[in-house]
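Since every read-out is calculated from the coordinates, none of them should be taken as a lab result. Since this is a predicted model, take the numbers as computed values, not measurements. Backbone-built Cβ (ideal geometry, glycine too); neighbour counts: all protein chains shown.
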Amino acid sequence: MSKINELQLAKELIKFPSITPVDAGVIKFLEKKLKKLGFKTKISEFKEKNFKPVKNLYAKIGNKEPNFCYAGHLDVVPPGNLNDWVVNPFKPTIKQGHLIGRGANDMKSSIAAFVSAVSIFLNKNHKFNGSISLLITGDEEGDAINGTKKVVDYLKKKKEKISFCLVGEPTNPNKLGEMIKIGRRGSLTGKLIIDGIQGHVAYPQKANNPSTTIVEILDELKNIKFDNGTKDFQPTNLEVTRININNSADNVIPGSAEATFNIRFNNKHSSSSIKKRINKILKKISKKNKSKFKIEYRVSGEAFLTKPNNITFMIQNIIKKITKIKPKLSTTGGTSDARFIRKISPCLEFGLVGKNMHKVNESVALKDLKNLSKIYHNILQKYFK
């Protein structure tokens, strides 16, 4: 069985312009690599009305428990203005000790590091007591409707058990080894419409200005003190992200006003409890101002926490040994596909340094790529010891 070089594989993966949700052939390419290592594979394409179809890969070697799963995504964000790049973002190039290309950081190089680690592990351990699997999606950077969420549902139906999952997202702020994610805050978006009565500015008594109501509502929402945070989570926060009053005339009171807000909430709350609290405010102020409201909620994920245990500390010690940094156990940052996987398995997140992800000239330090592969290999060795 041949060993796979993490740098070579990272380069090969970056060459595919897999801008979400288009996979551009990269899923099939990775599947072939894993089959050569002995993995049994299944590519699933999920579809849903109003969303583009997405290809996903689940690969597994072994048929015993425990099943150690690595999860990641091969889709990338658009490169932006190509003239701002020092290289073609889909022609990976090494400059000054860094591999540059779209997905070099988030997160094709992490996948390459794990596959390389697995190839080395399997060369040393022809018969190991357990299974190794990879859950790879092409829908993490996009709508996240036909990706990991659907794969998790498929695995549940098949009664496929995952004992532990390591998500390879870039978790470190500045240096490899700084941070392991042990949970994430939940995310809820509200799209609010206030309907009033259109009229002439000179005759406000004959109209009902929805902008007055929406400003009052947003002010009260913004001033909610949800909590002070917890030992593991930062405080819940609400941010207004969009206000729209579609009115081109200065002498007309508008008939409707719209706003969008997003709440990042910790595990003191659920999306349901937050919705109830917000709805009370909407009803109270709309009733007072004799306005009507419509609210549409979208929940990207609930807050979750994987309580530290022996596996957490084992991974923490391996990272410290290789990087000379003891990683902080954190729940900071946005959402990730761990929010879906945690429904079927305990999971942690550890990957590369995320300071230039999604940016022009996205890159990974070659030293970090090599060390990440070492970390992943050591984790497998210890997990199956």
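Can you compute the modelled spin-label distance between Leu82 and Lys367, with each label point 7 Å from Cα toward Cβ, in nm?
Taking the simple label geometry, Leu82 and Lys367 are separated by 3.4 nm.
Can you pull the one-decimal nm distance between simple spin-label points at Asn223 and Ala202, each 7 Å off the Cα toward Cβ?
Placing both labels 7 Å beyond Cα along the Cβ direction yields 3.5 nm.
In nm, what is the difference between 0.36 nm times the number of residues separating Asn50 and Ile94 and their Cα-Cα distance?
Contour length minus the Cα-Cα distance gives 11.9 nm.
What's the whole-number percent of alpha carbon pairs in region 17-134 lying beyond 17 angstrom? Display every interim value, and only then the final one.
Details: 4287 of 6903 pairs.
Percentage above 17 Å: 62.
Under 4.7 Å Cβ to Cβ, no partner at all: give me those cysteines from the chain, in residue order.
Cys with no partner Cβ under 4.7 Å: none.
Within the set Lys324/Lys385; Lys231/Lys382; Lys3/Lys307, which residue pairs have Cα atoms separated by over 25 Å?
Cα-Cα > 25 Å for Lys231/Lys382; Lys3/Lys307; rest within.
What percentage of all Cα-Cα pairs in the chain are separated by more than 31 Å?
Tail of the P(r) past 31 Å holds 43 percent of the pairs.
Can you return the aspartates and glutamates within cross-link range of Lys367? Criterion is Cα-Cα under 13 Å, with same-chain partners fewer than 8 residues away left out.
Cα-Cα hits under 13 Å: Glu6.
For Thr260 and Lys280, what is the calculated FRET efficiency with R₀ set at 22 Å and r taken between the beta-carbons, to the nearest 0.05?
Here the calculated transfer efficiency is 0.65.
Scan around Arg184 for amide H atoms under 5 Å from its own, H built in the peptide plane at 1.01 Å from N, and keep only partners 5 or more places away or cross-chain.
Those qualifying (amide H under 5 Å, at least 5 residues apart or on another chain) are Phe304.
What is the order of Glu160, Glu302, fewest Cβ neighbours within 10 Å to most?
Glu160, Glu302
Mind giving me the FRET efficiency for Lys28 and Lys3? R0 is 25 Å, r the Cβ-Cβ distance, nearest 0.05 is fine. Numbers along the way, then the final one.
Working: r = 22 Å, r/R0 = 0.88.
Given R0 = 25 Å and the Cβ-Cβ separation, E is 0.70.
Note down the magnitude of the dipole of region 272-360 about its Cα centre, charges +1 on Lys and Arg C-beta and -1 on Asp and Glu C-beta and zero elsewhere, to the nearest 20 debye.
820 debye
Which residues in region 258-295 place their backbone N less than 14 Å from a point set 7 Å from the Cα of Val215 along the Cα-to-Cβ direction?
The answer is 258.
Considering the Cα positions of region 186-301, please state its Rg to one decimal place and its Dmax as a whole number of Å.
Considering region 186-301 through its Cα atoms, Rg and Dmax are 15.8, 55 Å.
If I stretch the segment between Ser272 and Lys156 completely, what's the gain in nm (0.36 nm per residue apart, minus their alpha carbon distance), one decimal?
Value of the extension gain: 39.3 nm.
Calculate, in nm to one decimal, what Lys40 and Asn251 gain on full extension: separation in residues at 0.36 nm each, minus their alpha carbon distance. Could you put the intermediate results ahead of the total?
Values: separation 211, 0.36 × 211 = 75.96 nm, distance 6.76 nm.
The Lys40-Asn251 span can extend by a further 69.2 nm.
Any idea what the alpha-carbon Rg over 2.2 N^0.38 Å comes to for region 236-385?
Ratio of Rg to 2.2 N^0.38 Å for region 236-385: 1.54.
To the nearest 20 debye, what charge dipole does region 230-385 have about its Cα centre, counting +1 at the Cβ of each Lys and Arg and -1 at the Cβ of each Asp and Glu?
So the dipole magnitude of region 230-385 works out to roughly 700 debye.
What angle do you read, to the nearest 10 degrees and between 0 and 90, between the alpha-carbon axis of helix 366-383 and the longest principal axis of the chain?
Long axis of 366-383 versus the principal axis of the chain: about 80 degrees.
Report, in whole Å, the centroid distance computed from the Cα atoms of region 267-313 and region 366-385.
Taking the Cα centre of each part, region 267-313 and region 366-385 sit 39 Å apart.
Short version: ³J(HN,Hα) in whole Hz for each residue of region 220-231, in order, from phi by Karplus 6.51 cos²θ - 1.76 cosθ + 1.60 (θ = phi - 60°), x for Gly and Pro, what are they?
Karplus values, whole Hz, x for Gly and Pro: 5, 4, 5, 8, 5, 9, 5, 5, 9, x, 10, 4.
Only Lys, Arg, Asp and Glu count, each charged at its Cβ (+1, +1, -1, -1), so figure out the dipole size of region 186-301 about its Cα centre, rounded to 20 debye.
Roughly 560 debye, rounded to the nearest 20.
Determine the percent antiparallel among the DSSP beta bridges restricted to the chain, to the nearest 5.
Beta bridges within the chain, antiparallel portion: roughly 75 percent.
Where the centre of each part is set by its Cα atoms, how far does region 85-134 sit from region 150-194, in angstrom?
Computed from Cα coordinates, the inter-centre distance equals 20 Å.
Each residue of region 14-23 in turn: what ³J(HN,Hα) in whole Hz from Karplus with 6.51, -1.76, 1.60 and θ = phi - 60°, glycine and Pro shown as x?
5, 4, 7, x, 8, 6, 3, x, 6, 8
Can you find, among Ser271, Ile224, Leu188, the residue farthest towards the positive end of the dipole of region 186-301? Put +1 on the C-beta of Lys and Arg, -1 on that of Asp and Glu.
Sorting the options by dipole projection puts first Ser271.
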